[in-house]
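Accompanying notes for the structure given below.
The values are calculated or read from the model by the stated rules, or taken from the named source; none is laboratory data. Given the structure is predicted, the values throughout are model-derived calculations rather than measurements. Each accessible area value is taken on the protein alone, full model and side chains, heavy atoms only, with ligands, DNA and RNA left out. Shrake-Rupley method; radii C 1.70, N 1.55, O 1.52, S 1.80 Å.
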Amino acid sequence: MLDIGPLELVALVVLAVLIFGPDKLPKMIQDVSRTLRKIRQFSESAKEDIRSELGPEFKDFEFEDLNPKTFVRKHVLDKDELGLKEIRNGFDLKPEMTEVADAVHGRGGDTAADPASGAAQAPSNGGSPARPDLLKKQDKPDPGERPPFDSDAT
């Protein structure tokens with residue numbers, strides 16, 4: 001209710017009793033409620049007049065759709081014709097980050113797959129799987145040798 005807490009509501013009631021007095025307060029509440037009821041009836045009749053003037057092709061028209069946020073949410077974000085959910089889910093990097101963290105901390109699989117044969121390689125260093133040493137600096141290539149190319153890094 002308009003972000004009014006219980007303590008604030010009690011303070012407003014006490015303030016209303018002090019300003020209008022206990023004898024005029026019921027009459028003021030009736031007048032305010034009657035005015036609010038008339039405003040609601042006026043707005044509903046105006047909405048119905050607009051709907052009837054627009055014609056049958058706008059029978060599902062809602063005035064809330066005129067708010068840009070609800071319009072975009074209803075017509076763009078809820079429909080998946082454009083594949084927006086796939087695009088939005090494509091930005092989720094948590095699985096990739098956990099995979100990289102597991103590789104760095106050595107929590108990966110026990111064997112590494114050989115890309116050429118598809119078979120698993122045997123561990124090369126006495127029981128631990130063959131992994132690149134991420135902390136070791138790479139040697140400089142020979143003067144005639146091309147540096148290694150990482151297609152993922154470019």
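Each residue of the stretch 44-61 is assigned a 3J(HN,Hα), and the resulting list reads 5, 5, 5, 4, 5, 5, 5, 4, 5, 6, 5, x, x, 6, 10, 5, 9, 6 Hz, derived from the Karplus form 6.51 cos²θ - 1.76 cosθ + 1.60 (θ = phi - 60°), x at Gly and Pro.
Rolling a 1.4 Å probe over the protein heavy atoms leaves F71 with an accessible area of roughly 100 Å².
Of K27/K59; K69/K94; K38/K69; K47/K69, which pairs sit farther than 32 Å apart, going by alpha carbon to alpha carbon?
K27/K59
In straight-distance terms, cross-link reach from K74 covers every one of the aspartates and glutamates whose alpha-carbon lies under 15 Å from its own, apart from those fewer than eight places away in the same chain; here that gives D60, E62, E64, D65.
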